[in-house]
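Take a look at the structure set out below.
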Amino acid sequence: MDRLNGLMLRVARQRDRQAFVTLFQHFAPRLKSFLLRAGMEAGAAEETIQDVMVTVWQRAETFDPRLAAAGTWIYAIARNRRIDRLRRDRRPTFDPNDPALVPDEADGSMDTMLAEEQAAALHRAIRELPPEQAELLRMAYFEDKAHSAIAEERRLPLGTVKSRLRLALARLRKAMASGDPTGETI
């Protein structure tokens, strides 16, 4: 372990190519085995290993042997890359010709009037929310901010942000279902 940490520090401090080659030769087969056991295909595993090792080279200066061993640090990068790849692969591709994405032709004022009424009811329901819930809802859904970014900006625990958003959405669902912006059933 000390040898690997030393190699990692040489890469970090001196950009030592030979130390990097040694790290690559040590970790590449182990990472491939790790990724294959995790269910990744061989080609994808090899691409991921390349990506991991490029990241190791580029971010070597962030390695701190007091926080983790070189192996732990490199496996954490591999694990995160694997998760990123799974998320990317599961994300549907955008098809602009998908009928669900083509807007319906406006066939009359009745549809427009109903949509306007629903929008007005939603805005009333949002105004009836407690201010802290309404503000977090605005940040999350109208400003498209991540929950973690909201927590950091508002200096709130992430769990608090998520709880307030869940409560706000529950109140909105209830208000929209009942037709009453206060969320009380009629």
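Rounded to the nearest Hz, the phi-derived 3J(HN,Hα) couplings of the stretch 38-44 under the Karplus curve 6.51 cos²θ - 1.76 cosθ + 1.60 (θ = phi - 60°) are 7, x, 7, 6, 4, x, 5, where x marks glycine and proline.
Couplings 3J(HN,Hα) of the stretch 158-164, computed from phi: 4, x, 5, 4, 5, 5, 5 Hz, in residue order, whole Hz [Karplus 6.51 cos²θ - 1.76 cosθ + 1.60, θ = phi - 60°; x for Gly and Pro].
What the phi angles of the stretch 14-27 give under the Karplus curve with 6.51, -1.76 and 1.60, with θ = phi - 60°, is a coupling list of 10, 6, 6, 5, 5, 5, 5, 4, 4, 4, 4, 5, 6, 8 Hz, glycine and proline written as x. Pull out a ≥ b ≥ c, the square roots of the eigenvalues of the alpha-carbon gyration tensor of the stretch 74-175, then state rounded if a/c is under 1.5, prolate if not and a/b is larger than b/c, and oblate in the remaining case. Oblate, since a/c reaches 1.5 and b/c is not below a/b.
Phe63 sits among other residues whose Cβ lies under 15 Å from its own Cβ, and their net charge, with Lys and Arg +1 and Asp and Glu -1, is +2.
Rolling a 1.4 angstrom probe over the stretch 1-158 with all protein chains present gives an accessible area of which 51% lies on carbon and sulfur atoms. Here the calculated FRET efficiency for Leu36 and Asp89, from their Cβ-Cβ distance with R0 = 22 Å, stands at 0.85, rounded to the nearest 0.05. With protein chains left intact and a 1.4 Å probe, residues in the stretch 9-81 average 58 Å² of accessible area per residue.
Place +1 on the Cβ of every Lys and Arg and -1 on the Cβ of every Asp and Glu in the chain, take the dipole about the Cα centre, and give the residue among Gly43, Phe63, Val161 whose Cα lies farthest towards its positive end. Toward the positive end, the furthest listed residue is Phe63. Only helices enter the 222 nm calculation for the chain: every DSSP H run of n ≥ 4 contributes -39,500 (n - 2.57), and dividing by all residues gives -23000 deg cm²/dmol, rounded to 500. Kirkwood analysis of the Cα pair distances in the chain returns a hydrodynamic radius of 21.3 Å. Taking amide H positions as placed in the peptide plane 1.01 Å from N, state which residues far from Lys145 in sequence (5 or more) or on other chains have amide H under 5 Å from it. Under 5 Å from the amide H of Lys145 lie the amide H atoms of Ala140, each far enough along the sequence or on another chain. The magnitude of the dipole of the chain, with charges of +1 and -1 set on the Cβ of Lys/Arg and Asp/Glu and taken from the Cα centre, is near 1600 debye. For the peptides 56-63, 76-83, the ranking by mean Cβ contacts within 10 Å, running from highest to lowest, is 76-83, 56-63. Which one, Val11, Val52, Leu86, is farthest towards the positive end of the dipole of the chain when Lys and Arg carry +1 and Asp and Glu -1 on their Cβ? My answer, from the dipole projection, is Val11.
Centre-to-centre, using Cα atoms only, the stretch 35-51 and the stretch 71-99 are separated by 12 Å. Extension gain, Ser178 to Gln118: 0.36 nm times the residue separation minus the Cα-Cα distance gives 20.4 nm. Note on the chain: dipole from Cβ charges, positive end direction compared against His26, Met1, Ala170; the farthest Cα belongs to Met1. The length gained on full extension between Thr72 and Tyr141, counted as 0.36 nm times the residue separation minus their Cα-Cα distance, comes to 21.2 nm.
The spacing between the stretch 126-164 and the stretch 1-18, judged by their C-alpha centroids, is 43 Å.
The values are calculated or read from the model by the stated rules, or taken from the named source; none is laboratory data. The structure displayed is predicted, hence computed values, not measured ones. So basically every Cβ, Gly included, is an ideal-geometry build from the backbone, and we count neighbours across all protein chains shown. These area figures cover heavy atoms from the full protein model, side chains too; ligands, DNA and RNA do not enter into them. Shrake-Rupley method; radii C 1.70, N 1.55, O 1.52, S 1.80 Å.
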